[in-house]
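A.B. asks: Right, I'll just put the structure down here and ask away after.
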Amino acid sequence: MTTLRGFGRAWDRLTIYLPIILMALLALATYWLARSTPTGGGPGSSSIRPSKHEPDYFLKNFSVKSFAGNGRLKTEIQGAEGYHYPDTDTLEILNPRIRSYSEAGALTVATAKKAISNGDGSQVQLIGDAVVTRESPAKDQPKLEVSGDFLHIYADEEKVKSDRPVTLKRGNDVFQADNMEYDNLDRVLELRGRVRGTLRPRGTTP
């Protein structure tokens with residue numbers, strides 16, 4: 001196990017905003033979908049939740065945006081399809097694309113083949129070709145990217161975990177590991193298993 005403390009300001013900034021952003025977006029999408037879909041309640045309707053794992057509502061090719069008080073676009077979540085499962089109270093999004101802008105103008109983009117959020121938005125799983133990229137508005141700060149087949153985000157604990165191989169890129173520097181855990185509260189990044197890293201001077205070609 002390899003522990004890297006203070007991986008870099010760019011990584012810290014990403015993980016500070018990313019869990020909160022993703023949780024807020026997916027919670028917003030769940031709330032909006034629930035408000036936009038008839039519940040089917042009324043006299044004679046049963047209050048027993050269905051035992052089968054079947055969606056009670058869905059959308060296709062949808063987009064949800066949120067704006068700051070001054071009209072600035074803060075976040076946008078897009079999906080090819082979205083399904084809510086009442087038996088597990090989860091929201092499943094196919095081909096999600098999440099874009100978020102910080103107050104400083106830094107853009108964070110998260111994509112995957114599928115995203116699954118629990119009911120209260122405290123956990124989000126990015127599954128299949130998961131990639132999170134943060135562009136810095138400052139020219140002297142390189143782009144930061146974390147990718148893998150699976151990324152699990154815990155908003156309340158401010159942690160990002162993966163039990164599968166991951167790749168982290170910051171500018172020309174590349175780190176790979178069999179699994180990882182990042183704790184934003186303690187500012188600790190743990191890369192476990194076979195850890196490999198390549199550090200290149202600025203200006204060189206990866």
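A.B. asks: Just the residues that are modelled with pLDDT under 90, open to solvent by less than 60 Å² (accessible area, probe 1.4 Å) and within 15 Å of the chain's Cα centre (by Cα), please, taken from the stretch 66-89.
C.D. replies: Thr75, Glu76, Ile77
A.B. asks: Another question about this same structure. Inside the stretch 71-86, can you point out the residues that are over 9 Å from Lys60 (Cα atoms) and charged (D, E, K, R)?
C.D. replies: Answer for the stretch 71-86, where residues must be over 9 Å from Lys60 (Cα atoms) and charged (D, E, K, R): Arg72, Lys74, Glu76.
A.B. asks: While we're here: Which of the numbered conditions does Val132 fail, given that it passes all the others? Conditions: (1) of a type in the set (Val, Ile, Thr); (2) crowded, with 17+ Cβ neighbours inside 10 Å; (3) outside any strand (DSSP E or B).
C.D. replies: The failed condition is (3).
A.B. asks: Please count how many residues of the stretch 111-124 are out of contact with any Ser or Thr (no Cβ under 8 Å at 6 or more places or on another chain) and either more than 16 Å from Gln78 (Cα to Cα) or open to solvent by less than 20 Å² (accessible area, probe 1.4 Å) (or both).
C.D. replies: 4
A.B. asks: If you don't mind, another one. Out of Asp163, Asp156, Asp149, report the one residue that is more than 22 Å from Leu185 (Cα to Cα), surrounded by fewer than 19 Cβ atoms within 10 Å (Cβ to Cβ), among the charged types (D, E, K, R) and touching a residue at least 12 places away in the same chain (Cβ under 8 Å).
C.D. replies: Going through Asp163, Asp156, Asp149 in turn, just one is more than 22 Å from Leu185 (Cα to Cα), surrounded by fewer than 19 Cβ atoms within 10 Å (Cβ to Cβ), among the charged types (D, E, K, R) and touching a residue at least 12 places away in the same chain (Cβ under 8 Å): Asp149.
A.B. asks: Name the residues in the stretch 74-107 that are within 23 Å of Glu145 (Cβ to Cβ), assigned to a loop (DSSP other than H, G, I, E, B) and of a type in the set (Ser, Thr, Tyr), would you?
C.D. replies: Ser102
The values are calculated or read from the model by the stated rules, or taken from the named source; none is laboratory data. Please read all numbers here as calculations on a predicted model, not as lab measurements. FYI the Cβ positions are ideal-geometry reconstructions off the backbone, even for glycines, and counts take in every protein chain you see. Ligands, DNA and RNA are stripped out before the accessible areas are found, and what is left, the full protein with its side chains, is counted by its heavy atoms. Shrake-Rupley method; radii C 1.70, N 1.55, O 1.52, S 1.80 Å.
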